[in-house]
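Below: one structure, written as structure tokens.
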Amino acid sequence: MFPETWQFNIANHINNFVNWLLDTFAVFFDGLSSVVLNLLMNIHSALDAIPWWIIILTIALFAWFVSRSIVTVTILAILPVFIGLFGLWPLAMETLAIILTAVVIALIIGIPIGVLMAEFKPIEAIIRPILDAMQTMPSFVYLIPALMFFGLGKVPGVLATVIYSTPPVMRLTCLGLNQVPSEVEEAALAYGATRWQLLKEARLPLAMPSILAGVNQTTMMALAMVVIASMIGAGGLGYEVLISINRVNVGRGFEAGISVVILAIVIDRLTQGFAKRFEPPTT
Amino acid sequence: MSSAIEVSDLWKIYQNGKQQLPLDDVEKLEQLKESGEIVIAVREVSFNVEPGEVFVVMGLSGSGKSTLIRCLLRLVEPTRGSIIINENDVTSMNQKDLTFFRRQEASMIFQHYGLLPHRTVIDNVAFGLKLKGISKEERYSKAREMLDTVGLQGWEEYYPGSLSGGMRQRVGIARALVADPPVLLMDEPFSGLDPLIRREMQDELVKLQQSMNKTIFFVTHDLDEGMTLGDRMAVMKDGKFVQVGKPEEVLADPADDYVARFVQDKKKQIEMADKERSKKDEELSRNVS
Ligand SMILES: Nc1ncnc2c1ncn2[C@@H]1O[C@H](COP(=O)(O)OP(=O)(O)OP(=O)(O)O)[C@@H](O)[C@H]1O
Ligand SMILES: [Mg+2]
């Protein structure tokens, strides 16, 4: 047994510290919270307002654009119908809204930071170890800071998802920029490109496939996290899974689980196909 | 009139760390070189190129040709020495002047083309003009003209990936010519092409040069190419110019063993051809008589 007299709890101190932070930076936290909530509500109500068949039609069109294959289009259009048949359509839209909100924020933060990492080596030297450390942490851990600062609800759910899903797009943006062939960069410089022009005209377009692969990964991570974030009140399909687990209702859990998988397949195919469209053309 | 390109005492030393180099102490430099800490890619190179002249630099792989030509645009930062191109002191320019200089005064053509794979042929040709902020109509009309000149009309909307090597290099040449710079820098532009196409491109360059009269700095490792194109040639070895002169002079009177070995095959070829010709002449005269 560990000696009891040695025990030392820092839980209280941490709670106090967080409270102090919350008080001191109330404006910041409230502002952030309302911005995120606003974005989420807008996206959610838009998704709710759109009739289901228009959403499926949009998926089909998108699938056609990225794949040009009837089979792919058919599969990707039929799969979401099952979510509706299970009666989980509104919950799926809730989940999708959180994913979209989180991904939008993750991209707004992640892509510029990825660019900065590639352009300025010291920035990369600081951020890369942080990303590496983040990668080793189990996804549950991301719930804690979100919970600490925003309590239970949708906003912490979105923010935990953002934190969890931003690293891939940062990494792959940086990687894509670093992989631009030196011949192309050299030619651009030789013709008098400024640093900014080099980035805009040559580096970013050539890094596009990699950046979009990052967008794909970020989206998939967001989906995975959203399910977990239901534990702190994000709602959606994840919550349905959680309830089913608690009540040992295998059937209900199965329906919700399949719906999550369907969502994952559709999002993955669409974003991956989109990334492929950006490979340098050969004709 | 002053020279188009004046280079004096140019050095380029690649090094791993950032330590101060003992530039004036040749022995120490040699030691560092032996120990593998530095590579002296260009050493003590001085030369002038006159306006309208085609100056060829020849040398084996690793002799420092690419480094030298990149120094002229400061794509590689020279360690020491001065470069003056059309009365612009390249070595002392700040970043802004340098960018302006690259857009205006000298264009480079690369062995591996250096085209933008995500841009169409016409956008590649117009690239330099775009960087200068020239309007779309103007740069497209100029680019189109240039594509005609290099024989690529009708290929405007294709991407480089679908072109053959020869055609890609034509795009590279059009891109270089479109801004009409007085100086062209060419780093083994035809080395990646198969012999027939290479020949064709060389002939076309000669023809083009007759009408445009640029100052051309041409790097190659192919003696034939150097002889056909060059008004003068420099032979480079381990970063140094070991001989500079007219191609015939270099051929007739090699400065050292290295140059002699470089040119000996060519010499033999020419001697053979001469013999053949005199034999034919003899036969001819015999037949006539
Ligand atoms: N970035 C670099 N860092 C270190 N050493 C370099 C670098 N670039 C070139 N070198 C070295 O400098 C020397 C000259 O290289 P350079 O590419 O100029 O030769 P080259 O004459 O163009 O050869 P090739 O015919 O193969 O193109 C070589 O020994 C090469 O290994
Ligand atoms: Mg070279």
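Remarks
- Derived scalar couplings between HN and Hα for the stretch B:190-195 equal 10, 5, x, 9, 6, x Hz in order, rounded to whole Hz, by the Karplus curve 6.51 cos²θ - 1.76 cosθ + 1.60 (θ = phi - 60°), x for Gly and Pro.
- Of B:R198, B:R103, B:R261, the one that fluctuates the most in a GNM where chain B has Cα springs shorter than 10 Å: B:R261
- Counted charge near B:K280, where neighbours are those whose Cβ lies closer than 11 Å (Asp, Glu -1; Lys, Arg +1): -1
- Per residue, chain B exposes 49 Å² of accessible surface when a 1.4 Å probe is rolled over the protein heavy atoms with every protein chain present.
- Other-chain or far-sequence residues with amide H under 5 Å of B:I109's (modelled H): B:L185, B:M186, B:D187
- Over chain B: Rg over Rh, Cα atoms, Kirkwood Rh: 1.03
- In this Cβ point-charge picture (+1 for Lys and Arg, -1 for Asp and Glu), the stretch A:7-276 has a dipole of about 300 debye about its Cα centre.
- Amide H contacts under 5 Å for B:V56: B:F218, B:D231, B:R232, B:M233, B:A234, restricted to partners 5 or more places along the chain or on a different chain, H placed in the peptide plane at 1.01 Å from N.
- Taken one residue at a time, the phi angles of the stretch A:95-105 give Karplus couplings (6.51, -1.76, 1.60, θ = phi - 60°) of 4, 4, 4, 5, 4, 4, 4, 4, 5, 4, 5 Hz. Gly and Pro are set to x.
- Karplus-derived HN-Hα couplings along the stretch A:52-58 (A = 6.51, B = -1.76, C = 1.60, θ = phi - 60°), whole Hz, x at Gly and Pro: 4, 6, 5, 4, 5, 4, 4
- Lysines with Cα under 16 Å of B:K237, excluding same-chain neighbours fewer than 8 positions away: B:K12, B:K33, B:K65
- Number of partner chain Cβ atoms within 10 Å, mean per residue of B:252-259: 0
- Accessible-area composition of chain B, carbon plus sulfur, in percent [1.4 Å probe]: 47
- Computed from Cα atoms alone, the Kirkwood hydrodynamic radius reported for the stretch A:7-276 is 20.4 Å.
- Look at the alpha carbon pairs under 8 Å that are at least 6 residues apart: their mean separation over the length of the stretch B:133-198 gives a relative contact order of 33 percent.
- Peptide A:179-187 has a mean shielding of 5, counted as Cβ atoms of other protein chains within 10 Å of each residue's Cβ.
- Nitroxide proxy distance, nm - points 7 Å out along Cα→Cβ at B:E282 and A:I75: 8.0
- Fraction of accessible area attributable to carbon and sulfur, the stretch A:7-276 (%, probe 1.4 Å): 73
- Peptide A:193-200 shows a mean partner chain C-beta count of 2 within 10 Å per residue C-beta.
- Estimated FRET transfer efficiency when R0 is 25 angstrom, pair B:V206-B:K240 (beta carbons, to 0.05): 0.30
- Contact order relative to length of the stretch A:7-276, as percent, for alpha carbon pairs under 8 angstrom and 6 or more apart: 24
- Built amide H within the under 5 Å cut-off of B:T79, gap 5+: B:W11, B:K12, B:I13
- Projecting the Cα atoms of A:Y191, B:S46, A:V266 onto the charge dipole of the protein assembly as shown (Cβ charges, centred on the Cα centre) puts A:V266 farthest toward the positive pole.
- Accessible area expressed per residue, chain A, with surrounding protein chains retained (probe 1.4 Å, Å²): 52
- The B and A chains share an interface that buries close to 2000 Å² of accessible area, total over both sides, probe 1.4 Å.
- In straight-distance terms, cross-link reach from A:K276 covers every one of the lysines whose alpha-carbon lies under 30 Å from its own, apart from those fewer than eight places away in the same chain; here that gives A:K121, A:K200, B:K130, B:K136.
- When the alpha carbon coordinates of the protein assembly as shown are projected onto the principal axes, the ranges are 116, 64, 47 Å, largest first.
- Placing a label point 7 Å from the Cα of B:L23 along the Cα-to-Cβ direction, the residues of the stretch B:65-104 whose backbone N falls under 13 Å from that point are B:77-83, B:91-92.
- Heavy atoms of B:Y159: accessible area, 1.4 Å probe, square angstrom to 10: 60
The values are calculated or read from the model by the stated rules, or taken from the named source; none is laboratory data. This is a predicted model, so every value here is computed, not measured. Using ideal geometry, Cβ is built from the backbone for each residue, glycine included, and neighbour counts are taken over all protein chains shown. Surface areas here come from the heavy atoms of the whole protein model, side chains and all, with no ligands, DNA or RNA. Shrake-Rupley method; radii C 1.70, N 1.55, O 1.52, S 1.80 Å.
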